[in-house]
Amino acid sequence: MSRKSKVSTPAAGAPFELDHFLPFRLSVLGNRVTRAVARVYAKRFQLSAPEWRTMAVLGRHGAMPAHGVIEHTAMDKVRVSRAVARLLASGRITRRADANDRRRVILDLTPTGRAVYTQIVPLALAVEAELVTDLTIEERKVLEGVMRKLESRSAGDDVEEDIEI
């Protein structure tokens with residue numbers, strides 16, 4: 001389902017307004033929010049953001065292959081691989097061969113990893129609550145709807161193909 005979008009080009013010589021460019025703003029905001037949440041778990045649990053994201057996905061969705069973590073987090077393969085290696089070394093996750101496909105490995109939280117996950121979740125939710133404290137209920141609903149639309153639209157590989165200049 002491809003929808004072509006006619007994009008107007010900026011006037012010749014017009015400056016590129018980076019501070020108004022949505023991808024840049026979302027990236028900066030994402031980095032700031034990640035740092036805010038990371039302050040909760042980094043020092044106390046010695047976890048990096050990719051490690052926490054990996055644990056959060058496994059904690060929420062259960063055992064899965066590494067590509068499932070990649071799909072849920074949109075992290076690149078190298079970042080997930082490094083996070084998995086550190087989590088295996090710290091005893092927070094396990095890796096076992098898939099019974100149906102011996103070439104594929106399944107990741108899961110260990111009891112230690114599950115305990116860390118259950119301690120971090122309420123702390124992360126408290127940071128989230130603090131971040132949105134100045135938003136009204138209506139603004140939160142609008143934000144959720146806008147994010148859902150942007151996530152859906154950006155998940156497709158055909159975004160670039162849909163643009164006509």
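Of all residues in region 70-86, those that are closer than 20 Å to Arg60 by Cβ have Cβ atoms under 8 Å from Cβ atoms of residues that are part of a helix (DSSP H, G or I) and open to solvent by 90 Å² or more (accessible area, probe 1.4 Å), 6 or more apart or on another chain, in Ile70/Lys77; His72/His61.
Going by what's in this entry, would Leu125 be described as at pLDDT below 95, within 21 Å of Gly30 (Cα to Cα) and not polar (S, T, N, Q)? No.
Given the criteria in a helix (DSSP H, G or I), modelled with pLDDT under 95 and farther than 30 Å from Phe45 by Cα, does Glu139 qualify? Criteria not met by Glu139.
Residues in region 12-70 that are basic (Lys, Arg) and either within 30 Å of Val105 (Cβ to Cβ) or surrounded by 13 or more Cβ atoms within 10 Å (Cβ to Cβ) (or both): Arg44, Arg53, Arg60. Remark: pairs (first residue in region 107-132, closer than 11 Å to Val40 by Cα and open to solvent by less than 60 Å² (accessible area, probe 1.4 Å); second residue among the aromatic types (Phe, Trp, Tyr) and at pLDDT 95 or above; Cβ separation under 9 Å; 6+ apart in sequence or on different chains) = Ile120/Phe45; Ile120/Trp52; Ala124/Trp52. Gly62: without any contact (Cβ under 8 Å) to a residue 40 or more places away in the chain and on the phi > 0 side of the Ramachandran plot, yes or no? In short, no.
Just one of the listed residues (Ser90, Ser154) is open to solvent by 70 Å² or more (accessible area, probe 1.4 Å) and either on the phi < 0 side of the Ramachandran plot or not small (Gly, Ala, Ser) (or both), namely Ser154.
The values are calculated or read from the model by the stated rules, or taken from the named source; none is laboratory data. Predicted, not measured: the structure shown is a model, and the values here were computed from it. Glycine also receives a Cβ, built like all others from the backbone with ideal geometry; neighbour counts cover every protein chain displayed. Areas reflect the complete protein model, heavy atoms only, side chains present, ligands, DNA and RNA absent. Shrake-Rupley method; radii C 1.70, N 1.55, O 1.52, S 1.80 Å.
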